[in-house]
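Taken together, the values in this text are just the output of simple stated rules run on the coordinates, not laboratory data. Since we're looking at a predicted model, the values are computed, not measured. We place every Cβ from the backbone using ideal geometry, glycine too, and count neighbours over all the protein chains shown.
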Amino acid sequence: MELKKCTECSEEKPLSEFYRRKGYKDGYTTECKACPKKKNKAYYQANREKILEKTKNYFQDNKERLAGKQRAYRKANKERLRARDKAYYLANRERILERERLYYQATHKRVKSVRVYMKNLGRHDCGFISARQ
């Protein structure tokens, strides 16, 4: 197993601890995987508010474009997403059913009124409903 010295922490580590980079002489980055993670985490903690504000503004400014990309992705990967959702449901079935049960207990009156409303929706004799039939 080959070892390489990290330029940031000066520790010798196996090559599996370095990211691959084609442009570098030996094909690996000069910093181990852990060092940039530490720096990025510290930067985020120091600039959290600024980063969150910038991200929020970006999403607000590009709302339609991002929504279009998301629709296109869902359309192109329908089966893949369906399989992912099914696997998630099977892995978390008890938790999902418990959450639904708690939601129904908290809102059962509202749920029942919506069901009654939907059931009776076609029974009322309104002018526009009669005209369509």
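Quick one: which of Glu64, Glu8 is of a type in the set (D, E, K, R) and in contact (Cβ under 8 Å) with a residue 24 or more places away in the chain? It is Glu8. Among the residues of the range 9-46, the one identified as surrounded by 14 or more Cβ atoms within 10 Å (Cβ to Cβ) and more than 32 Å from the chain's Cα centre (by Cα) is Lys13. Being in a loop (DSSP other than H, G, I, E, B), touching a strand residue (DSSP E or B) at 6+ places or on another chain (Cβ under 9 Å) and among the small types (Gly, Ala, Ser) is the filter here, so list the residues in the range 16-38 that pass it. Of everything in the range 16-38, just one residue is in a loop (DSSP other than H, G, I, E, B), touching a strand residue (DSSP E or B) at 6+ places or on another chain (Cβ under 9 Å) and among the small types (Gly, Ala, Ser), namely Gly27. Here the condition is being free of Cβ contacts under 8 Å to residues at least 60 places away in the same chain, touching a helix residue (DSSP H, G or I) at 6+ places or on another chain (Cβ under 8 Å) and surrounded by 10 or more Cβ atoms within 10 Å (Cβ to Cβ); of Leu97, Leu81, it holds for Leu81 alone. Quick check on Gln45: is it within 30 Å of Glu11 (Cβ to Cβ), out of contact with any Pro (no Cβ under 9 Å at 6 or more places or on another chain), polar (S, T, N, Q) and assigned to a helix (DSSP H, G or I)? Spelling it out, Gln45 is indeed within 30 Å of Glu11 (Cβ to Cβ), out of contact with any Pro (no Cβ under 9 Å at 6 or more places or on another chain), polar (S, T, N, Q) and assigned to a helix (DSSP H, G or I).
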